[in-house]
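Read through the structure below, which is laid out as structure tokens, and then see the notes.
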Amino acid sequence: MARLASGDTVPLAGARVVLHRLTATRQGPVDSVLSDAAGHFQFRVVADTSALLLTSSRHDGIEYFSRPAKPTGQGSDTNLVVLVADTSSSAPVSLAGRYLMIGRPQQGGRRAALDLIVLQNRGDMTRVARDSAAPVWAMPMPAGIEDFTPGESEFSAAAVGHQGDSLTISAPLSPGDRQLMVTYTFPVGVKRVKVPFAAATDSVVMLLEEPTALVVTPGFAARDSQVIEARTYRRWVGSMPAAGTVDVTFDVPGEGGKEATLALAGLLAAGLLTGGVVLLRRRSGTSQPVALPVARDAAGLIDALARLDARFAGRETEVGAEAWSQYVRQRAELKAALAAAMAARPPMH
């Protein structure tokens, strides 16, 4: 049990630590203890190699969780570390990566979009709102978007909002990386989309279904195309060295409807994005694990998280206990790998 302070960690004594167990049939707290003078805590549990263990503790009004760990089943200790932080309304939070996927026009007059956003807090304080009326963090969105819907990723739907032309987050942002997914549509008749960025962003990927759609912002290059269920998407990759917009042009006005948004999420889960990991898929009404190449870079790991979440988030009762347990475990492993990959990258200036 430790608190982040001045770029280091210091032991936190007397903190209430809760142990949680996640299995295919049950998830929830099982015990709690107080940390000692050195910040250590100990639980004695029956080893279950099919379960995941994690711990949590509340500090300064915010709940913090350890990374999940799997018991070894051989009597050795399982090290679970909870890092907490003090709070600040000015703790710096940056947009580390963004993956925007835009479908072709279909019917109804609009194009559907799926937006995956990766936030990064590299400091040692948790970002909170300056007052009850202000969001914890906000970022500009394309003007005039409609049907804004938060996805179930690192934030609850209630914590993600759309005010004016901004995406807002009302949940605290602790040190580390967080990702969220939102879907929306572009209005009827749009032939040019300007995606705004308030500051430098290391990794930006645009996935465009229309073969004639172009990213005209300097520094972006067209990469590979992929065909998924007879639909082809072209991948444009670049970065934003400073605040500005990524401009996308279309030959014809949009004619796709909100119904296309769900189709995008389905295609995302089916394998549109590159950089795979073990991915759970539905087969004859059930979900089974499928082994895919493991991504090591941040972009591939973000892609994989998006695929996994789009396929399983919010479907616990539908997919069954075993598949949901696999999803939870794989997501935890991906998050740990992404945190390591993001920490290894130098910050942009």
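Where a number appears in this text, it was derived from the coordinates with a stated rule and is not lab data. Since the structure is predicted, the reported quantities are computational estimates derived from the model, not experimental observations. Neighbour counts are summed over all protein chains in view; Cβ atoms, including those assigned to glycine, are modelled from backbone coordinates with ideal geometry.
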Calc'd 3J(HN,Hα), the range 208-213, phi into Karplus 6.51 cos²θ - 1.76 cosθ + 1.60 (θ = phi - 60°), Hz, glycine/Pro = x, comes to 10, 7, 5, x, 8, 5
A chain fully extended from ARG130 to ASP165 at 0.36 nm per residue, minus the present Cα-Cα distance, gains in nm 10.5 nm
If SER174, SER56 are placed from fewest to most neighbouring beta carbons inside 10 Å, the sequence is SER56, SER174
Going residue by residue through the range 322-331, the Karplus relation 6.51 cos²θ - 1.76 cosθ + 1.60 with θ = phi - 60° gives ³J(HN,Hα) values, rounded to whole Hz and with x marking Gly or Pro, of 5, 5, 5, 4, 5, 4, 4, 5, 5, 5
A chain fully extended from ARG26 to ASP251 at 0.36 nm per residue, minus the present Cα-Cα distance, gains in nm 75.8 nm
Quick note, the range 80-136: a/c under 1.5 would make it rounded; otherwise a/b > b/c is prolate and the rest oblate (a ≥ b ≥ c, C-alpha gyration tensor); here it is prolate
Put in order of increasing Cβ neighbours within 10 Å, starting from the fewest, ASP202, ASP36, ASP131 give ASP131, ASP36, ASP202
Counting sequence-distant residues (5 or more places) and residues on other chains, those with an amide H built under 5 Å from that of ARG67 are VAL81
Phi angles of the range 125-137, converted by Karplus (6.51 cos²θ - 1.76 cosθ + 1.60, θ = phi - 60°) into ³J(HN,Hα) in whole Hz with x for Gly and Pro, give 10, 7, 7, 10, 6, 6, 7, 5, 8, 9, x, 5, 7
